[in-house]
Amino acid sequence: MPKDRLMDAEALRGEECSQKDDGLRPKSLNEYIGQSALKQVLGIAVEAALGRAEALDHVLLYGPPGLGKTTMAMVLAKELGVRCRITSAPALERPRDIVGLLVNLQPREVLFIDEIHRLTRVAEELLYPAMEDRRIDLTVGRGGTARTRALELPPFTLVGATTRAGALSSPLRDRFGLIQRLGFYGLDDLKLIVQRTSDLLHLSLTEEACLEVSRRCRGTPRIANRLLRRIRDFAAVRGSVLLIEPRLVDEALQLHHVDTLGLDQSDRRLLEVLNNNHGGGPVGLETLAAALSEDSTTLESVVEPFLLQIGFIQRTPRGRILTEAGRNHLLSTKP
Ligand code: ADE
């Protein structure tokens, strides 16, 4: 995958960290645009937990990257009036990493673990009693004198996020009281998000320009915000651009090889390999990944979901196929 990809997994993760305090994230359920079913379910759960003065039940959020899983965890903590501790599974390699986090939690706090499908077996097994009985079983001593000591924890809420719900072990999945999917955003919600971010970035976009960004962000708020920053740079360098019109949006996004539907070079390469090398498929995931020099899980959880959503590819038991719509788009937007 090219390093400058605006939406790759690494960039998205980096963005997630750097965005932690960028001021763009909504701070309440009311401010959070879209995902109405999710907000309704979580709103009720939060209100009930507050009413009972209890910790919110553990929550698993899954879906493609950039749709607001981390943001939702932070919003939940705010709504509950507690702190949100943020970490990700790859940072919890040693047992003491997760033990350290758990024993330092204050009552009813939110612990957010991103990429929770990547937890080690040991970390997972430490989490089971923590989630179920608010207890961690520590092994003290070694060899013949080793003993387990149970340590009590305060009530807390684990919010886990994953792009690959299917990769979670079922004992872990079963310990979440709320399991919710985040889907791609529709144009109306994206327009509101683009408008909101433009205001926060002190940018003036015409309504048509907002719509253009919304059309070209792959249904993903994080990408919309990222594109807006690139548009801001472009407008600044152009000089004296007071009102951003669709033409400027188009020029800025063309510079970054983002096409009229928001597809970038990685998406196009995938469509091209399917079309040019395999006559439209079916092609197995591993074959596609090898042809694209891409990791198959990234391909499956980061690149493919949007192409599936817009009906450009299909998953069949024999592999991926390029649809008529996908082929038409490829041919009509040939560079
Ligand atoms: N910025 C990014 N995602 C958002 C959302 N869902 N609501 C409001 N602002 C956002």
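The values are calculated or read from the model by the stated rules, or taken from the named source; none is laboratory data. Quantities reported herein were computed from a predicted structural model and do not represent experimental measurements. Note that we place each Cβ from the backbone using ideal geometry, even for glycine, and neighbour counts take in every protein chain shown. When the accessible area is computed, the model is the full protein with side chains, heavy atoms only, and any ligands, DNA or RNA have been set aside. Shrake-Rupley method; radii C 1.70, N 1.55, O 1.52, S 1.80 Å.
By how many degrees, 0 to 90 and rounded to 10, does the Cα axis of helix 121-133 deviate from the longest principal axis of the chain? For 121-133 against the chain, the angle is about 70 degrees.
A viscosity of 1.567 mPa s and a temperature of 4 °C, combined with the Kirkwood radius over Cα pairs in Stokes-Einstein, give a translational diffusion coefficient for the chain of 60 µm²/s.
When the solvent-accessible area of the chain is split by element, carbon and sulfur atoms take up 48 percent of it, the probe being 1.4 Å. Of the residues Asp250, Asp259, ranked by 1.4 Å probe accessible area with the largest first, the sequence reads Asp250, Asp259. The listed residues His202, His278, His117 rank as His202, His278, His117 when sorted by accessible area, largest first, using a 1.4 Å probe.
Calculate how steeply helix 69-80 sits against the longest principal axis of the alpha-carbon atoms of the chain, using the helix alpha-carbon long axis, and give the answer as 0 to 90 degrees to the nearest 10. So the inclination is approximately 50 degrees. Along the axis of the charge dipole computed for the chain (Cβ charges of +1 for Lys and Arg, -1 for Asp and Glu, origin at the Cα centre), the listed residues Ser293, Leu138, Thr316 are led at the positive end by Leu138. Computed as a quarter of the hull surface, the mean projected area of the alpha carbon convex hull for the range 15-154 stands at 9.2 nm². The solvent-accessible area of Ser240, taken with every protein chain present and a 1.4 Å probe, is close to 120 Å². Take the chain with all the other protein chains still there, run a 1.4 Å probe, and you get 48 Å² of accessible area per residue. Per-residue ellipticity at 222 nm from helix content only, as computed over the chain with -39500 (n - 2.57) for each DSSP H run of at least four residues, stands at -13000 deg cm²/dmol. When you filter the trypsin sites (Lys or Arg not before Pro) in the range 80-142 for DSSP loop state and at most 12 other Cβ atoms inside 10 Å of their Cβ, you are left with Arg142.
Look at where the Cα atoms of the range 151-184 and of the range 197-255 average out, and the two centres are 35 Å apart. For the chain, how many pairs of lysine residues have a Cα-Cα distance under 19 Å, where the two are 8 or more positions apart or belong to different chains? Qualifying lysine pairs in the chain: 10. For the peptides 207-220, 305-318, the ranking by packing is 207-220, 305-318, with the highest mean count of neighbouring Cβ atoms within 10 Å listed first.
Computed on the chain, with alpha-carbon pairs under 8 angstrom and 6+ residues apart, the relative contact order is 18 percent. Summing Lys and Arg as +1 and Asp and Glu as -1 over all other residues whose Cβ lies under 13 Å from the Cβ of Pro129 gives a net charge of -2.
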